[in-house]
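Before any comments, here is the structure.
Just so it is clear, none of the values below were taken in a lab; they were calculated from the coordinates. In this text, all values refer to a predicted model and were calculated from it rather than measured experimentally. Here the Cβ is made from the backbone with ideal geometry for all residues, glycine too, and neighbour counts use every protein chain on show.
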Amino acid sequence: MKDIDRIYLDGAFVAPHGRERLERVNPTTEAVIGRVTLGDREDARRAVAAAKAALPAYALTSRSDRMALLRRLHTAVLRRADDLRDATILEYGGPVARSSWVSAYAASAFLDAAKTLETFQFERVEGQSTVLREPVGVSVLITPWNSNAGSISSKLAMALAAGCTVVIKPSEFSALQTQILVEAFHEAHAPAGVINVINGRGHDVGDELCTHPDVARISFTGSNGTGTAIARLAVGTMKRVSLGLGGKSPTLVLDDADLAHAIPLAVNAAFQNSGQACIAGTRLLVPAGRLEEVAARVARQVAQMRVGVPADPATVIGPMASKAQFERVQACIQAGLDEGATLLTGGLGRPAGLPQGWFVQPTVFTGVRNDMKIAREEIFGPVLSVITYRTEEEAIQLANDSVYGLHAYVFSADEARARRVAGRLQAGRVAINGFTHDPMAPFGGYKQSGIGREYGVAGLESFLEIKAVRVGG
């Protein structure tokens, strides 16, 4: 049983003013595995004050000093990678392969930021002026439960590279993972007040941070509803806001695609992170004339994907992160049945042999229309909708017929054709014939998938203000 009763303020682990206690539950066993004491509005104000006090000195640090800090953070987080992996398996239910990847990525994010910082031009001549890029100020980083370590580290790394001090409000449902990260941050010896971390509720700590006059910038990743609320709160003091929101990503299998290559990757894209991923390719668009072959291949692929205890290396799909998420996914599967979609595999209830834990059967529907709930709403679980099209033009129209625009996938034997199709998709990132992550390229969404970009140069610039200086008349 892990008892987390401290928050991280001004370079030290201190008792929070808040007193609410939240149980942490293992989604695999439904057993209580720990408790966390949540901060409150007073703690949020203390954190902002610490970040504000540290800002003047940190904003003036040199490029080399910031790069040295980023490298220390990389070393410290990498040293705790195994602990972070184990906590992700225990608290989140992430399969061991995925949990190991996330732990390594959390460390590498600091090196990626250092690489971006190394060649970034903070001063440029534009027209007849010198244009300066300066730290925006105290930045609040609000992160989600489905990608806790990676989201915290990637946001923090770019904020520090820019010269900002931060207050991190992670999901309170990821407290065990967060604690390991914070201990690593402390070991990296950042100046006091540069990094501050509070576990707390969104309606309490989050609201205070989003309205505090000394906060200049908010970087949020999470649900659309919360993102909308944050934007409304932040506009009162004109905070700079970036929002990484939901997705209903299409996977376009063009009529010339090699299905033996495309379908396994498409299914993996749909069910990555147990389906709890904003970039999951949960709409599979296929030629109507190839539906029978596609369905057979999808069914075989899903049958090979083991659902089970996340610590088992053979497991591909673990439990949903919480009972609430399990129930949401069940409701969405029921909606698909009610709307008349054809159940290809999976369905309601837990998989056979898993009587406890928040496990969902990997579920695939065919006969899905793009106006059905299962094709419109982000489910955040292992549920795939197969939608047919007749022409390439219709495939593009179906892909773009969504309020979201975060990610897309295209499979074709003709790379030039795939690039042409990708250029017409309304998505912030498109993967062709695969789905590997590029941490140096900008990431973010069109439409209701968010505002702004993370990673690479664009991610660094999001934490900077622009000042034009001109001498003379």
If one compares the long axis through the Cα atoms of helix 415-424 with the longest principal axis of the Cα atoms of the chain, the angle in degrees, nearest 10, works out at 70
Longest principal axis of the chain (C-alpha) makes with the long axis of helix 224-234 (C-alpha) an angle, in degrees to the nearest 10, of 20
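For the chain, what does the helix formula give at 222 nm: sum of -39500 (n - 2.57) over DSSP H segments with n ≥ 4, over the residue count, nearest 500 deg cm²/dmol?
Working: 15 runs with 187 residues, N = 473.
Taken over the chain, the calculation gives -12500 deg cm²/dmol.
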Protection proxy (average C-beta count within 10 Å per residue), highest first, orders 167-173, 436-442 as 167-173, 436-442
Cα-based Rg and Dmax for segment 107-169, in Å, come out at 14.0, 47
The correct pair for segment 250-440, radius of gyration to one decimal and Dmax as a whole number, both in Å and from Cα atoms, is 15.8, 49
With the 8 Å Cα cutoff and a minimum separation of six or more residues, the chain has a relative contact order in percent of 18
Final fewest-first order of Arg429, Arg297, Arg71 on the 10 Å Cβ neighbour count is Arg71, Arg297, Arg429
Expressed in µm² per second, the diffusion coefficient of the chain from the Stokes-Einstein equation, with Rh the Kirkwood radius over alpha carbon pairs, at 10 °C and 1.306 mPa s, is 69
quick note, the chain, DSSP beta bridge pairs, % antiparallel (nearest 5) is 40
Nearest 10, in degrees from 0 to 90: the angle of helix 96-119 to the longest Cα principal axis of the chain is 50
